[in-house]
């Protein structure tokens, strides 16, 4: 019989095992959740009851954390507990956690068509490589890490395609009691995030003059051998939006705006899902496919016409 171990001890052995199978950025996010939230709460225990897990969830909700963040914590916690139970180091009692019903519908932050046109026209009139990144995101739906990692060789002018094959992010390395950050270039978020996005005619006009004169291995946003990191570029974007007189919109709102324009243009949902690199179409449907008032009105009128 293996001697019982605390959740903190099991977590240390779990991370050593888990790092063999997942990306560096993934294990980094797991370790942050453990260090900042899970171990301070449960580290000295060798089992967790459902009541304790439920109380933890309510506590984190009250502190202002999102449901998604808390669900991510529970996923990590269950992985550690199952690993410990597998080796008979602790007892794992499966628990079923309940979240309070959301009273209001979450609204996506997106640009209006007029705002999007204003930004894109401003970038055409005030071209810089960093401004080009905003235009790229509005034209393709790229994530901030993907556009920061984009190099000129990823833009295929001849075939009118942008290849998304890498992302850049700064991760926390907190192994062996050290806490330091590291900028890494890695494969995209999921296997579906490896994708090819057609280049619009307007974007083609913008980038084509540069393709024959730039170094193909340089990063698009800097036109240099070194990239800019997402945090730095996010600050640049915020200043740009303020200078243009646009409302405060998170950088991810550019991606939401691209997807919304696609849906408004009656693009089929599967194609939009593939363009965005979503793992499955349900993510696209849940985020973006919501009938507007005119569509609802049309449905009601059609229903009553069918009764006549």
Could you go through the range 1-8 and let me know if any residue there is buried (at least 16 other Cβ atoms within 10 Å of the Cβ), over 26 Å from residue 168 (Cα atoms) and touching a helix residue (DSSP H, G or I) at 6+ places or on another chain (Cβ under 6 Å).
yes
Failed criterion for residue 48 (all others in (1) loosely packed, with under 13 Cβ neighbours inside 10 Å; (2) outside any helix (DSSP H, G or I) hold)
(1)
Name the residue that is surrounded by the most Cβ atoms within 10 Å (Cβ to Cβ), counting only residues in the range 277-290 that are in contact (Cβ under 8 Å) with a residue 24 or more places away in the chain and farther than 14 Å from residue 191 by Cβ.
284
Exclusive hit being touching a helix residue (DSSP H, G or I) at 6+ places or on another chain (Cβ under 7 Å) and either surrounded by fewer than 16 Cβ atoms within 10 Å (Cβ to Cβ) or at pLDDT below 95 (or both), set 231, 195
195
Residues that are closer than 17 Å to residue 128 by Cβ and not in a loop (DSSP other than H, G, I, E, B), drawn from the range 221-230
224
Can you name the residue in the range 31-44 that is in contact with a helix residue (DSSP H, G or I) (Cβ under 7 Å, 6 or more places away or on another chain) and part of a helix (DSSP H, G or I) and is also modelled with the lowest pLDDT among such residues?
31
Return the residue satisfying two criteria in turn: it lies in the range 243-276 and is part of a loop (DSSP other than H, G, I, E, B) and touching a residue at least 24 places away in the same chain (Cβ under 8 Å), and of such residues it is nearest to residue 231 (Cα to Cα).
251
Is it true that residue 247 is more than 25 Å from residue 160 (Cα to Cα), touching a helix residue (DSSP H, G or I) at 6+ places or on another chain (Cβ under 8 Å) and either assigned by TED's automatic domain parsing to the domain that holds residue 185 or surrounded by fewer than 16 Cβ atoms within 10 Å (Cβ to Cβ) (or both)?
yes
Taking the stated definitions as given, is residue 160 touching a residue at least 40 places away in the same chain (Cβ under 8 Å) and within 19 Å of residue 273 (Cβ to Cβ)?
no
When restricted to 93, 107, the only residue out of contact with any strand residue (DSSP E or B) (no Cβ under 6 Å at 6 or more places or on another chain), under 30 Å from residue 245 (Cβ atoms) and not assigned by TED's automatic domain parsing to the domain that holds residue 186 is 107
I'd like the residue in the range 14-25 that is assigned to a helix (DSSP H, G or I) and at pLDDT below 95 and, out of all such residues, is nearest to residue 170 (Cα to Cα).
25
Residues in the range 204-213: is at least one touching a residue at least 24 places away in the same chain (Cβ under 8 Å), buried (at least 18 other Cβ atoms within 10 Å of the Cβ) and assigned by TED's automatic domain parsing to the domain that holds residue 121?
yes
Note: among 107, 98, just one is within 21 Å of the chain's Cα centre (by Cα) and farther than 23 Å from residue 232 by Cα, namely 107
Within the range 127-138, identify whether any single residue is part of a helix (DSSP H, G or I), touching a residue at least 24 places away in the same chain (Cβ under 8 Å) and touching a strand residue (DSSP E or B) at 6+ places or on another chain (Cβ under 7 Å), and answer yes or no.
no
If you go through 63, 28, the only one that is modelled with pLDDT under 95, touching a strand residue (DSSP E or B) at 6+ places or on another chain (Cβ under 6 Å) and outside the structural domain of residue 173 (by TED's automatic domain parsing) is 28
Those residues that are touching a helix residue (DSSP H, G or I) at 6+ places or on another chain (Cβ under 8 Å), at pLDDT 95 or above and within 30 Å of residue 263 (Cα to Cα), I need them from the range 73-126; list them, please.
116, 118, 119, 120, 122, 123, 124
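The values are calculated or read from the model by the stated rules, or taken from the named source; none is laboratory data. Just so you know, these numbers come straight off a predicted model, no measurement behind them. Every residue, glycine among them, receives a Cβ derived from its backbone with ideal geometry; neighbour counts consider all protein chains shown.
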